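Working notes, structure below.
The values are calculated or read from the model by the stated rules, or taken from the named source; none is laboratory data. Not measured: the values here are computed from a predicted model. Heads up, the Cβs are rebuilt from the backbone with ideal geometry, glycines too, and the neighbour counts pull from every protein chain shown. SASA here: full protein model, heavy atoms, side chains in, ligands and nucleic acids out. Shrake-Rupley method; radii C 1.70, N 1.55, O 1.52, S 1.80 Å.
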Amino acid sequence: MAKLNFGGVEENVVTREEFPLKKAQEVLKDEVVAVIGYGVQGPGQALNQKDNGINVIVGQRKNSKSWDKAVADGFVPGETLFEIEEALEKGTIICYLLSDAAQIEYWPKVKQHLTPGKALYFSHGFGITFNERTGIVPPADVDVFLVAPKGSGTSLRRMFLQDRGLNSSFAVYQDATGKARERVTALGIAIGSGYLFETDFKKEVYSDLAGERGTLMGAVQGIFAAQYDVLRKNGHSPSEAFNETVEELTQSLMPLVAENGMDWMYANCSTTAQRGALDWWKRFRDATSPLFEELYDNVAKGNEAQRSIDSNSKSDYREKLEAELAELRESEMWQAGKTVRSLRPENN
């Protein structure tokens, strides 16, 4: 475990240098890692482990789209792909990667197969942290831990195939075997993490829920929409409004921020842009801080968790979701974006 300085604060970090793949393979050599669910995180984590030489199987409902996807990805029915309950029985480490709502639904079946010495693995602290709402309370004689990649399963897989790594957080909730920390670290490396930083289940879910609703997805879409609408109302064309709002940010500026930081990006743009950005960023911070405070308070009180449970458990959730996504997809801004993306040289 390395101690690194993050802006003046020392934190524990696991790197591939100190915990190489070979060590992870050794730790997991006698394990059967059962990935339950093949939706958002399942494919990336399962395929990366498979390619890294880990004994991984997938549990999924038969005759579902996800089952067919697992087959297309190379998992073999009866050998490395099973119905959920059979995979639960075979697995020594259960990677519980169903949606939060589905985790609640399947928990009674999962719990039956958590025999002493097994491990229960999450990629989100939701089910455990809000267990008074989810009912997910593991037996005392199993290890419970998480590895949470800081990005989608698609990104995890894509970066793995590029010999890169998505950073992940990790946490141990329950160490029944005395080997939980070693097991979770090995899994973090095996799924393709670039490095691992330490947290706990509560902090992981609080930061995750706040981040998804904030700068990662909710806030950024809201800011995009607000700026785009102002430009359009003032006579700018859809292509100009989209390019100045989204395309320049995602294609030009954010890659520079990712590579070298915001200060470097500021230093390498025009002096007019520098001046404007430096003059306005604190005003945006001050304007949005109350909203972020309200958001975090709702997360901490469990309101966001309950809203997700209530909404996502409804039988018509998928239909309502599609309607909400269609509103985004069919908006002028994202229709303009579709055309802009088609004009990128790499797409021609």
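Which log10 I(q)/I(0) values, to two decimals, does the chain give at q = 0.12, 0.13, 0.14 Å⁻¹ under the Debye formula with one point per Cα?
Computed log10 I(q)/I(0) values: -1.01, -1.17, -1.31.
Can you send over the solvent-accessible area of residue 309, 1.4 Å probe, protein chains only, in Å² to the nearest 10?
Estimated to the nearest 10 Å², residue 309 gives 20 Å².
Could you please put 195, 266 in sequence from largest to smallest accessible area, using a 1.4 Å probe? Before the final figure, lay out the partial values.
Details: 195 80, 266 45 Å².
The residues order as 195, 266, largest area first.
Let me check something: with ligands and nucleic acids excluded, how do 252, 168 order by accessible area (1.4 Å probe), largest to smallest?
Descending order: 252, 168.
In whole percent, and with a 1.4 Å probe on the protein chains, what portion of the accessible area of the chain is carbon and sulfur? Walk me through the intermediate numbers first.
Working: 9810 of 18900 Å².
Whole-percent figure for carbon plus sulfur exposure: 52.
So how far, in whole Å, is the C-alpha centre of region 276-348 from the one of region 1-64?
After rounding, the separation between the Cα centres reads 29 Å.
Of 56, 292, 117, which is farthest on the positive side of the dipole of the chain, counting Cα position, with +1 on Lys and Arg Cβ, -1 on Asp and Glu Cβ, and the Cα centre as origin?
Among 56, 292, 117, the one farthest towards the positive end of the dipole of the chain is 56.
In the chain, what % of DSSP beta bridges are antiparallel (nearest 5)?
40 percent
Extending each Cα 7 Å along its Cβ direction at residue 23 and residue 275, get the distance between those two points in nm, one decimal.
Using points 7 Å along Cα→Cβ, the separation is 5.3 nm.
Could you state the angle between the C-alpha long axis of helix 332-342 and the longest principal axis of the C-alpha atoms of the chain, as a value from 0 to 90 degrees rounded to the nearest 10?
Approximately 80 degrees, to the nearest 10.
May I ask you to derive the relative contact order of the chain, considering only C-alpha pairs under 8 Å and at least 6 residues apart, and to give it as an integer percent?
Normalised by residue count, the contact order of the chain is 15 percent.
Averaged over all directions, how much area does the convex hull of the C-alpha atoms of region 20-79 cover when projected, in nm²?
4.1 nm²
If we sort 199-209, 275-285 on the protection proxy, mean other Cβ atoms within 10 Å, highest first, what's the order?
Taking the mean over residues of other Cβ atoms within 10 Å, the ranking is 199-209, 275-285.
When all protein chains stay in place, what accessible area (Å², nearest 10, 1.4 Å probe) is found for residue 244?
The value for residue 244 is about 110 Å².
Cα-based Rg of region 1-114 per 2.2 N^0.38 Å, rounded to two decimals?
1.23
Place a label point 7 angstrom from the Cα of residue 16 along the Cα-to-Cβ direction, then list the residues of region 226-264 whose backbone nitrogen is under 20 Å away.
258-260
Return one whole number: the accessible area per residue of the chain in Å², for a 1.4 Å probe. Kindly include the intermediate steps, with their values, before the conclusion.
On the way: 18900 Å² over 348 residues.
With the other protein chains kept in place, the chain gives 54 Å² per residue.
Counting every Cα pair in region 37-175, what percent are over 24 Å apart? Don't jump to the answer; show the numbers that get you there.
Details: 2593 of 9591 pairs.
Looking at region 37-175, the distances longer than 24 Å represent 27 percent of pairs.
Taking Rh as the Kirkwood radius computed over C-alpha pairs, what is the Stokes-Einstein D of region 99-184 at 10 °C in a medium of viscosity 1.306 mPa s, expressed in µm² per second?
Stokes-Einstein gives a translational diffusion coefficient of 113 µm²/s.
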